[in-house]
């Protein structure tokens, strides 16, 4: 914090992803275009070594390790839970643009962590949907072009985005928004946010 405002004081700590920007609910974060030092991987590694037990300076909840204590419930079902997945592949970058299962599909586009965090993911989200997953922080490139092609070339009935609450996960939501705009189609869509505790936050 500098004078009450969050500022990036070391450009070599920034990986250039940019997904911290759209995550701000009051648009208080913006880019300032100027000459800056190149990303310095050695400096980042050195900083990690010296602060290995301390939280990262950004305070991003996506990097905050925590244990989640769950109570053992006595009424756990012994019935096998069946998968609701209705197509393969599920990774955004692997899915063919013109796959027949996209015709008249209710499309689910989910950050891959959501299925692990939210216990009833198959029944509440995958069921009756064509599912595409990805991680905007770890996957290379942007999903916008691929999603635009899928929406443009198929009769998609609806789009549901399921993402985690951490700021870096906003990348998948923003890619869907851009794809819907670029397609020129008016398709019902919604965003569901899952907390790291496994609950729906909005």
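The values are calculated or read from the model by the stated rules, or taken from the named source; none is laboratory data. Worth saying up front: this structure is predicted, and the values here are computed from it rather than measured. No Cβ is skipped: glycine too gets one built from the backbone with ideal geometry, and neighbour counts run over all protein chains shown.
Residues of region 49-75 that are surrounded by 11 or more Cβ atoms within 10 Å (Cβ to Cβ) and modelled with pLDDT of 60 or more: 63, 64. Taking region 187-199 as the range and being in a strand (DSSP E or B) and either exposed (fewer than 12 other Cβ atoms within 10 Å of the Cβ) or in contact with a helix residue (DSSP H, G or I) (Cβ under 8 Å, 6 or more places away or on another chain) (or both) as the test, the residues that pass are 189, 190, 191, 192, 194.
One residue alone among 141, 171 is part of a loop (DSSP other than H, G, I, E, B) and either over 18 Å from residue 102 (Cα atoms) or at pLDDT 95 or above (or both), and that residue is 141.
Is it the case that region 138-157 has a residue that's in contact (Cβ under 8 Å) with a residue 40 or more places away in the chain and under 30 Å from residue 71 (Cα atoms)? No, that holds for no residue. Note on region 91-130: residues that are within 21 Å of residue 187 (Cα to Cα) and either assigned to a strand (DSSP E or B) or in contact with a strand residue (DSSP E or B) (Cβ under 7 Å, 6 or more places away or on another chain) (or both) amount to 17. For region 92-115, state whether one or more residues are outside the structural domain of residue 156 (by TED's automatic domain parsing), closer than 24 Å to residue 195 by Cα and without any contact (Cβ under 8 Å) to a residue 60 or more places away in the chain. Looking through region 92-115, at least one residue is outside the structural domain of residue 156 (by TED's automatic domain parsing), closer than 24 Å to residue 195 by Cα and without any contact (Cβ under 8 Å) to a residue 60 or more places away in the chain. If you check residue 151 against the conditions, is it assigned to a helix (DSSP H, G or I) and in contact with a helix residue (DSSP H, G or I) (Cβ under 9 Å, 6 or more places away or on another chain)? For residue 151, the condition - assigned to a helix (DSSP H, G or I) and in contact with a helix residue (DSSP H, G or I) (Cβ under 9 Å, 6 or more places away or on another chain) - is met.
Taking the numbered list (1) over 21 Å from residue 93 (Cβ atoms); (2) modelled with pLDDT under 95 in turn, residue 158 passes all entries but (2).
Hey, any hits in region 147-157 for a residue that's within 15 Å of the chain's Cα centre (by Cα) and either surrounded by 16 or more Cβ atoms within 10 Å (Cβ to Cβ) or within 19 Å of residue 86 (Cα to Cα) (or both)? Yes, region 147-157 has at least one match. For region 179-202, how many residues are free of Cβ contacts under 8 Å to residues at least 40 places away in the same chain and either within 11 Å of the chain's Cα centre (by Cα) or within 16 Å of residue 108 (Cα to Cα) (or both)? Result for region 179-202: 8.
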